[in-house]
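The values are calculated or read from the model by the stated rules, or taken from the named source; none is laboratory data. Since we're looking at a predicted model, the values are computed, not measured. In this analysis, Cβ positions are derived from the backbone assuming ideal geometry, glycine residues included, and neighbour counts consider all displayed protein chains. With ligands, DNA and RNA removed, areas are computed over all heavy atoms of the protein, side chains included. Shrake-Rupley method; radii C 1.70, N 1.55, O 1.52, S 1.80 Å.
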Amino acid sequence: MGKYSEDPAWADIVPLPTDEGGPNPLAAIAYSDEYGEAMSYLRAVMASNEFSPRVLELTDDLIDMNPAHYTVWLYRAQCIFELKYPLEDELAWLNETALAHQKNYQIWHHRNTIVDKLGKWQGEAEFVEQMFELDAKNYHVWSHRQWLVKRFGLWEEGELEFTERMLEKDVRNNSAWNHRWYIVNGREAEGVRGVTHEGIRMREIEFARKAIAKAPQNASPWSYLRGIVRKSGMPLASLKELVLQYADTSKPDGVKSSHALDLLADVLAEGADGKQQASEALDLLSTKYDPIRKNYWEYRKGLLGGGSSASTATAA
Amino acid sequence: MSLAAGPGRGGGASAAQLPDELQLVVDKHVAYIQSLDTRRDELEYHLTEHLRISGIYWGLTALHLLGQPEALPREGLLDFVFSCLHENGGFGAAPGHDPHMLYTCSSVQILAMTDGFSDLEKRLPNGKMKIAKYIASLQQPNGTFAGDVWGETDSRFLFCGFLALSLLGMLPNQRPNEPPIIDLTAATDHIKACQNFDGAFGVAPGAESHSGQVYTCIGALTLAGELDSYLGEEGKDRLGAWLSERQLPSGGLNGRPEKLVDVCYSWWVMTSMAMIDRVHWIDQKKLTSFILQCQDPDHGGLADRPGDMVDVFHTCFGIAGLSLLRYPGLVEVDPAYCMPKPLVDNFLGRK
Ligand SMILES: [Zn+2]
């Protein structure tokens, strides 16, 4: 006997067993665990379109056992709206559920829907930061954060400082770098300039420069710098001094960052007589610092010849 | 088709002493996939019901690539697929589950691989058009696609929509003389807006680049016939550089910077590189060896990485990856469709 079949509150419901297997089931389903029982009650209430507090409890139970079941989420959302259930209460429930099921993503769409209807963002940023303490690279949580920023116009509500906090904890967190790019450059369509504005560009280059000093072999700030060069159209040569601190073809054993060497090749190739040196930088990558991508570096070397600038390959 | 993990582990019981020259244990993988339907007494079988039809697609694709397309009974497959079909033309993951884009796509792929469209017509007159209209109904005003009536959007849903429509012959670029059932330009504009400063793509405009999303975005541009005109050689070089950086010293590929390698990401990265003609930028020998180390040589199946439990999802993408790497004896995989290429060619009338 199970939890639901013994509960008087559910006595009026005839549970519906699964019909999995189609018209000709290959095997009879004979499992009678808690989950199977709860599902059979859900099928029954869905068949009669019941929306009630007990259905909310049932979906709570099922989501706790199996948060990836999208049909249960959908039915719960319908139920919330049919019952005009207090959205704040639903958010409080979601907080617990999200912390218990970090890898689940259905929950984030449900959260979007509730927060959107509620029209209030207070408390959301704090909750998201709490989630990041468990997994600072959770893709769905970052997506939710971006949605919040856009939906409620939170661009200048401490988001830059938030990315600084996240990168202070882990300078290699590429998700935080991406979010920073979004906050700085995400309002172009509304006419708010990002790194195309000189002051902002200088600030962001300085930010990346400091991060590189902490961990030269971290790809994210190098990629961020390339993004700035590309978006703003600033001359690549202006990064030469920075790059040479971490990679110099005249000191082939002292290269501190393959990413610097990669960028150096582009900086050199742009110069009138730097092709030979650029080729040396690419040779170092191909043979010593990143040999797993040998064919890629050889391709880049190929771009140096034939008069076309290698910078078109990756940077400019 | 059970989606439960195990019973075996990648690398098998003796993962520490694997020989250098690993072989793909074809017969064991076939037997592993065949055994999955007999595991209905396990709780995890039921906990993964919300993915069931995709599980069948993964198992069937792996069998096709292994050269054993008949290893699952066709009638049983079709019965199951049709038991997931709703009146509105959408498919759920299992009977009684709501229709969803992901499972509609998997169902159409299974129908294509089992030559089941005439069966569809018998069960649901004008079925192809009904499925196409269901997919079209999920397109949003900004061009992207929702997964279901719930409204969640993801570039993955857009790609699945394109893929299924393409197999149904209903993409606007496939039928230029008919009124289009979706707004192709709005959809591809949305995909382009998902491209980031690093040259790769995320799940939505502004979202971090992710190799799974690169696959869906590049796949969608390929199916729309806009890949070359949009990216050009320069864009392919930038994207290819980002993708090739996903290879780590173990030979496996990861999904984002500073994340773990995984067989499924290896597929998504590599197939994207295949679509932009840059697979040779990674070390293919090392990747082949990494994927082979993820198989259970004793009981079949592949895991996400050596030492972990095998499952049908990683079995499919591991074998698809080996096929793309031209592993001897495997049927060639089509990079965009993740289905056997000869079958897709035949289906679409490509030479
Ligand atoms: Zn995986």
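Which pairs do you get when a residue that is open to solvent by 70 Å² or more (accessible area, probe 1.4 Å), found in region A:121-149, comes within reach of a residue that is assigned to a helix (DSSP H, G or I), reach meaning Cβ atoms under 8 angstrom, with the pair 6+ apart or on two chains?
A:TRP121/A:VAL115; A:TRP121/A:LEU148; A:TRP121/A:ARG151; A:TRP121/A:PHE152; A:GLN130/A:LEU99; A:LEU134/A:LEU99
Give the residue that is farthest from B:GLY6 (Cα to Cα), with candidates limited to residues of region B:325-351 that are open to solvent by less than 10 Å² (accessible area, probe 1.4 Å) and of a type in the set (Val, Ile, Thr).
B:VAL344
Among the listed residues B:LEU239, B:LEU248, identify the single one that is out of contact with any His (no Cβ under 8 Å at 6 or more places or on another chain) and more than 16 Å from the ligand (Cβ to nearest atom).
Numbers: B:LEU248 fails: more than 16 Å from the ligand (Cβ to nearest atom).
Answer to the check: B:LEU239.
Answer yes or no as to whether B:GLY240 is more than 24 Å from the chain's Cα centre (by Cα) and free of Cβ contacts under 8 Å to residues at least 60 places away in the same chain.
Details: more than 24 Å from the chain's Cα centre (by Cα): no; free of Cβ contacts under 8 Å to residues at least 60 places away in the same chain: yes.
Against the criterion (more than 24 Å from the chain's Cα centre (by Cα) and free of Cβ contacts under 8 Å to residues at least 60 places away in the same chain), B:GLY240 does not qualify.
Please determine, by comparing only the residues of region B:294-324 that are open to solvent by 10 Å² or more (accessible area, probe 1.4 Å) and away from the ligand (no atom under 11 Å from the Cβ), which one is farthest from the chain's Cα centre (by Cα).
The initial filter retains those residues of region B:294-324 that are open to solvent by 10 Å² or more (accessible area, probe 1.4 Å), namely B:297-299, B:304-309, B:311, B:313-314, B:317, B:324.
Narrowing the set further to residues that are away from the ligand (no atom under 11 Å from the Cβ) leaves B:297-299, B:306-307, B:309, B:324.
Working: B:PRO297: 24, B:ASP298: 26, B:HIS299: 24, B:PRO306: 22, B:GLY307: 24, B:MET309: 20, B:LEU324: 13 Å.
Filtering region B:294-324 for residues that are open to solvent by 10 Å² or more (accessible area, probe 1.4 Å) and away from the ligand (no atom under 11 Å from the Cβ), the one farthest from the chain's Cα centre (by Cα) comes out as B:ASP298.
Out of the residues in region B:275-293 meeting the condition of being open to solvent by less than 20 Å² (accessible area, probe 1.4 Å) and more than 14 Å from the ligand (Cβ to nearest atom), tell me which one is nearest to the other protein chains (Cβ to nearest Cβ).
Taking region B:275-293 first, the residues open to solvent by less than 20 Å² (accessible area, probe 1.4 Å) are B:276, B:278, B:281-282, B:287, B:290-292.
Narrowing further to those that are more than 14 Å from the ligand (Cβ to nearest atom): B:276, B:278, B:281-282, B:287, B:292.
Values: B:ILE276: 13, B:ARG278: 8, B:TRP281: 4, B:ILE282: 7, B:LEU287: 10, B:LEU292: 17 Å.
Across region B:275-293, the extreme among qualifying residues is B:TRP281.
Of the residues that make up region B:260-274, is at least one more than 16 Å from the ligand (Cβ to nearest atom), touching a residue at least 40 places away in the same chain (Cβ under 8 Å), surrounded by fewer than 24 Cβ atoms within 10 Å (Cβ to Cβ) and closer than 20 Å to A:ASP290 by Cβ?
So far as region B:260-274 goes, no, none of its residues is more than 16 Å from the ligand (Cβ to nearest atom), touching a residue at least 40 places away in the same chain (Cβ under 8 Å), surrounded by fewer than 24 Cβ atoms within 10 Å (Cβ to Cβ) and closer than 20 Å to A:ASP290 by Cβ.
Test each condition in (1) open to solvent by 20 Å² or more (accessible area, probe 1.4 Å); (2) more than 14 Å from chain A (Cβ to nearest Cβ) for B:PHE159 and report the one that comes out false.
(1)
Collect the residues in region A:1-15 that are open to solvent by 60 Å² or more (accessible area, probe 1.4 Å) and outside any loop (DSSP other than H, G, I, E, B), keeping them in residue-number order. Write out each step before concluding.
In the first step, residues of region A:1-15 are kept if they are open to solvent by 60 Å² or more (accessible area, probe 1.4 Å); the result is A:1, A:3, A:6, A:8, A:11-12, A:14.
A:PRO8, the sole residue that qualifies.
Quick check: is even one residue across region B:282-291 within 30 Å of B:ASP183 (Cα to Cα) and either of a type in the set (Lys, Arg) or in contact with a Ser or Thr (Cβ under 7 Å, 6 or more places away or on another chain) (or both)? I'd like the intermediate steps shown before the answer.
Narrowing region B:282-291 to residues within 30 Å of B:ASP183 (Cα to Cα): none.
Within region B:282-291 (the criterion being within 30 Å of B:ASP183 (Cα to Cα) and either of a type in the set (Lys, Arg) or in contact with a Ser or Thr (Cβ under 7 Å, 6 or more places away or on another chain) (or both)), the answer is no, since none of the residues qualifies.
B:VAL203 - would you say it is of a type in the set (Val, Ile, Thr), within 14 Å of chain A (Cβ to nearest Cβ), part of a loop (DSSP other than H, G, I, E, B) and under 27 Å from B:VAL263 (Cα atoms)?
Answer is yes for this residue.
Which condition number does B:GLY219 fail, the rest of (1) under 22 Å from A:TRP181 (Cβ atoms); (2) within 17 Å of the chain's Cα centre (by Cα); (3) away from the ligand (no atom under 16 Å from the Cβ); (4) away from every other protein chain (no Cβ under 14 Å) being met?
(1)
Here are A:TRP177, A:TRP121, A:TRP181: which of them is farther than 22 Å from A:LYS214 by Cβ and either within 13 Å of chain B (Cβ to nearest Cβ) or in contact with a helix residue (DSSP H, G or I) (Cβ under 8 Å, 6 or more places away or on another chain) (or both)? Can you show your working first?
Details: A:TRP177 fails: farther than 22 Å from A:LYS214 by Cβ; A:TRP181 fails: farther than 22 Å from A:LYS214 by Cβ.
When all the criteria are applied, what remains is A:TRP121.
State whether the residues of region A:270-277 include one that is open to solvent by less than 30 Å² (accessible area, probe 1.4 Å) and of a type outside the set (Gly, Ala, Ser).
no
Might you check whether a residue that is within 14 Å of chain A (Cβ to nearest Cβ), assigned to a helix (DSSP H, G or I) and either under 21 Å from B:ALA4 (Cα atoms) or of a type in the set (Ser, Thr, Tyr) (or both) occurs anywhere in region B:243-264?
Yes, there is a match, as at least one residue in region B:243-264 is within 14 Å of chain A (Cβ to nearest Cβ), assigned to a helix (DSSP H, G or I) and either under 21 Å from B:ALA4 (Cα atoms) or of a type in the set (Ser, Thr, Tyr) (or both).
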